[in-house]
Amino acid sequence: MDNCIFCMILEGKIPSSKVYEDEICIAMLDINPATAGHTLILPKKHVQDLTEMDEELGGKLLMVAKKIGLLQKEKLGAAGFNVVQNNGAAAGQTVPHFHIHVIPRYEGGPELAAWRPTEPDKEELNVVLKKLTE
Ligand code: AMP
Ligand code: ZN
């Protein structure tokens with residue numbers, strides 16, 4: 001797709017630090033990593049976000065995320081890893097070409113921004129539950 005920075009990377013028009021490639025995707029280092037080894041998995045097909053993703057490709061990409069996480073543990077000494085995937089600008093998606101972040105986490109490593117838990121009462125939870133299930 002024109003004007004898509006990740007499509008340009010996939011076409012080799014913009015350089016990237018490629019960690020892994022197969023017939024459906026590449027995995028590359030994020031240029032602004034949250035931790036050392038932060039990797040992005042991008043499908044070769046331009047898909048904007050999860051709402052446009054098909055089951056087969058989505059399933060395969062998740063298994064690539066597993067492979068990259070295992071690699072980070074084995075080769076970088078990560079103690080764990082986060083798999084993060086943003087959908088839509090409101091959710092923090094800055095590049096509208098589907099991608100999965102695999103972020104290695106190290107013992108004693110930096111805290112990463114997370115949501116702040118709230119404490120709704122049962123009634124408030126039920127309002128949401130009703131909207132989602134009726
Ligand atoms: P998101 O905010 O989920 O859309 O994530 C986009 C990610 O792409 C950010 O973490 C950026 O640092 C990363 N990014 C943007 N441009 C590049 C690039 N040319 N090479 C590698 N990573 C990139
Ligand atoms: Zn694209």
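Counting Lys and Arg as +1 and Asp and Glu as -1 over every other residue whose Cβ lies under 15 Å from the Cβ of Ala34, the net charge comes to -1. Could you work out the Kirkwood radius for region 80-119, taking every pair of different alpha carbons, averaging 1/r and inverting it, reported in Å? By the Kirkwood definition, the hydrodynamic radius is 12.1 Å.
By the Stokes-Einstein formula, at 1.002 mPa s and 20 °C, region 36-107 with its Kirkwood radius over alpha-carbon pairs has D equal to 169 µm²/s. Dipole magnitude for region 5-133: about 240 debye, using +1 per Lys or Arg Cβ and -1 per Asp or Glu Cβ, origin at the Cα centre. Against the empirical 2.2 N^0.38 Å (N residues), region 5-133 has a Cα radius of gyration ratio of 1.21.
For the chain, the Cys residues with no second cysteine's beta carbon closer than 4.7 Å are Cys25.
Checking the Cα-Cα distances for Lys13/Lys60; Lys18/Lys75; Lys18/Lys67; Lys18/Lys45 against a 20 Å cut-off, the pairs over it are Lys13/Lys60.
Since every read-out is calculated from the coordinates, none of them should be taken as a lab result. None of these values were measured; they are calculated from a predicted model. FYI the Cβ positions are ideal-geometry reconstructions off the backbone, even for glycines, and counts take in every protein chain you see.
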